[in-house]
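The values are calculated or read from the model by the stated rules, or taken from the named source; none is laboratory data. A quick note: this is a predicted structure, and the numbers were derived from the prediction, not measured. Here the Cβ positions follow ideal geometry from the backbone for every residue, glycine too, while neighbour counts run over all protein chains shown.
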Amino acid sequence: MITSLSIKNYALIEKLAIDFSKGFSIITGETGAGKSIILGALGLVLGKRADLTSLKNKEEKCIIEAHFDISKYNLLSFFEANDLDFENETIIRREILPSGKSRAFINDSPVNLQELQELSLFLIDIHSQHQTQELSEEKVQFEIIDAIANNQDNILDYQVLLKSYKSDKSKLNSLLKKQAESIKEQEYNTFLLDELIAANLKSGEQESLEADFEKLNNVEIIKESLDKSLAIANEEQIGVIHNLKEIKVSLQKIASFSSEYHSLLERISSLTIEFDDISDELNRCSEKLINDPEQLDLISQKLQMIYSLQKKHQVSTVDELLEIQNKLDDSLLEIGNLESEILAFTNSIQQKTTTLDTLSNAIHKKRIDSIPILSGKLISILETLGMPNVRFKIDINSTSTYFENGKDELQFLFSANKGTDFGLLKKVASGGEMSRIMLTVKAILAQYSKLPTLIFDEIDSGVSGEIANKMGEIMKEMSQTMQIFAITHLPQIAAKGTAHFKVSKSTIGEDTQSELKLLSSEERIVEIAQMLSGTLVSDSALNHAKALLN
């Protein structure tokens, strides 16, 4: 439960500190006095987003701090999971800086808004008039019936599995799409791969083939040049080798006379040896050179095949063609891999479908079993709230679709008067009837919830008199097991509280401020009397107020 709230520099509040107790607390005040400001400040503590417009003085930071007694609530696991210090009296603080930045703390440890919002779900439920309208929404109706049915664990298991199921479905659809595209490409890729395999390409062979082609295509010119070179080299009288040997003999005669001559002899000796090798090589080249038109034709055909493939694949080397061949081979293997992946996801989806069906059936059965309980309690309480002929019906239909909370579709049907047919709650219930139904729902859920605090913001909209009195009795009864706050304009409800706070607004010079004050017994009588008769309080109104309080 919330035990205290302090506000500094927020909206119309300069500084405020107030303590709260257990039981049924009332908050009253004129329209515009600042009741919504109190709720807004509390909303910030519970994780709502803030902005600079919240600051009363734009040059100073805003600080809102709330203390909660959580000693009787099993929240230790939350604190451990988020690495926070657990304290029986937990303090939540929000700070809004003049720069617009916001900070949040739990027991002085910095936290993000998500962590704050998660904790707030265990602390306070603030019921606004907007939430009364949400009672017509299927999502809220499911939350109500599932709370009665104690379906939370099953739904959590179902939602975790559903997320995994949807992920598998998405991946399977992507794989099937990829497979369809691959199949379209497979025939052409197979043709390209077969063509490359048939070419029997080898790394470096293009250069070798091109060299052989040049030799065979020019064999006569090459043969003539080689033979001529050999003849020049080996001519007995004027051949190069003969002349080199003659030079060598001459230098041998003078080599001993000077190192310079000896060096020349060594060089001519080396040249003679080298030229002998050249002559031998020329001879070998000439001997192995054969005019082979068939071989030339085969080489030409292989080169034309290589050039054609290079042009088709827009590359310039055999190595690049071999790389393309490997990729095509891999792409065809990938289709086989896709089939195995598709089979794996298909099997996974089938297994998860079976489990989802089992869980959704269990959820459905619990809902069916809880319908008489919820309907009976709703009707019983609503009859005491001025609806003696009320009828309430809950229709649940199981479908084949996996929704976020099962496979069911749900409708709350309502009839307030004899002789009228059932209709959808959102279409046939008036504003006052919706207020009473919502309070009834909250009263029923309080029996199943461990939530410590519930705040009603004008839950009494559209009702008055004895109905308001009965609504006050229900909230007072709820406060036996949880802390209840009611923001109200009705004296019948205000009189039921165990504590009464008043929000007021005052103007001092050019400054307007709101404040929240705990009323004394005498002040409370006057406040309720003013709610009954207006600003001018009569003796009759005072007596009436005293009677309501007693």
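General observations
- Checking each residue in the range 455-477 for being aliphatic (A, V, I, L, M) and either assigned by TED's automatic domain parsing to the domain that holds residue 527 or out of contact with any Phe, Trp or Tyr (no Cβ under 8 Å at 6 or more places or on another chain) (or both) picks out 459, 463, 467, 468, 471, 474.
- Here the condition is being surrounded by fewer than 17 Cβ atoms within 10 Å (Cβ to Cβ) and either over 48 Å from the mean Cα position of the chain (by Cα) or assigned to a helix (DSSP H, G or I) (or both); of 481, 535, 512, it holds for 535 alone.
- Applying the criterion of being among the β-branched types (Val, Ile, Thr) and touching a helix residue (DSSP H, G or I) at 6+ places or on another chain (Cβ under 7 Å) to the residues of the range 121-143, the residue that is surrounded by the fewest Cβ atoms within 10 Å (Cβ to Cβ) is 140.
- Residue 118 vs. criteria surrounded by fewer than 16 Cβ atoms within 10 Å (Cβ to Cβ), within 18 Å of residue 451 (Cβ to Cβ) and out of contact with any strand residue (DSSP E or B) (no Cβ under 6 Å at 6 or more places or on another chain): yes
- The residues of the range 484-509 that are part of a strand (DSSP E or B), more than 15 Å from residue 460 (Cβ to Cβ) and touching a residue at least 60 places away in the same chain (Cβ under 8 Å), listed by number, are 499, 500, 501, 502, 503, 504, 505.
- Filter result (free of Cβ contacts under 8 Å to residues at least 60 places away in the same chain and of a type in the set (Gly, Ala, Ser)) within the range 378-401: 380, 398, 400
- The range 59-140 holds helices (runs of 4 or more DSSP H) entirely within its bounds, and those carrying 3 or more residues that are aliphatic (A, V, I, L, M) and in the same structural domain as residue 45 (by TED's automatic domain parsing) map to 113-120.
- Filtering 146, 153 for residues that are charged (D, E, K, R) and either surrounded by 16 or more Cβ atoms within 10 Å (Cβ to Cβ) or touching a strand residue (DSSP E or B) at 6+ places or on another chain (Cβ under 9 Å) (or both) leaves a single hit, 146.
- Leading residue by the ranking (surrounded by the most Cβ atoms within 10 Å (Cβ to Cβ)) among those in the range 275-315 that are of a type in the set (Gly, Ala, Ser) and farther than 14 Å from residue 213 by Cβ: 279
- Which listed residue is under 28 Å from the mean Cα position of the chain (by Cα) and on the phi < 0 side of the Ramachandran plot, from 95, 65: 95
- All positions within the range 49-61 that are in contact with a strand residue (DSSP E or B) (Cβ under 9 Å, 6 or more places away or on another chain) and free of Cβ contacts under 8 Å to residues at least 60 places away in the same chain: 50, 51, 52, 54, 55, 56, 57, 60, 61
- Scope the range 1-14; condition under 26 Å from residue 87 (Cα atoms) and assigned to a strand (DSSP E or B); matching residues: 2, 3, 4, 5, 6, 7, 8
- Within the range 538-550, considering residues that are of a type in the set (Gly, Ala, Ser) and touching a residue at least 12 places away in the same chain (Cβ under 8 Å), the one surrounded by the most Cβ atoms within 10 Å (Cβ to Cβ): 545
- Residue check, residue 18 over 33 Å from the mean Cα position of the chain (by Cα), in the same structural domain as residue 96 (by TED's automatic domain parsing) and touching a residue at least 40 places away in the same chain (Cβ under 8 Å): yes
- Unmet criterion (only one of (1) closer than 30 Å to residue 529 by Cα; (2) at pLDDT 90 or above; (3) not hydroxyl-bearing (Ser, Thr, Tyr)) for residue 34: (2)
For every residue, the table says whether it meets (1) under 20 Å from residue 31 (Cα atoms); (2) assigned to a strand (DSSP E or B).
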site: 421; (1), (2): no, no
site: 436; (1), (2): no, no
site: 442; (1), (2): no, no
site: 447; (1), (2): no, no
site: 456; (1), (2): yes, yes
site: 463; (1), (2): yes, no
site: 468; (1), (2): yes, no
site: 473; (1), (2): no, no
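- Tally, over the range 199-211, of residues that are in a helix (DSSP H, G or I) and exposed (fewer than 14 other Cβ atoms within 10 Å of the Cβ): 4
- Entry remark, the range 83-104: residues being touching a residue at least 12 places away in the same chain (Cβ under 8 Å) and either within 26 Å of residue 51 (Cβ to Cβ) or of a type in the set (Val, Ile, Thr) (or both) number 12 in total.
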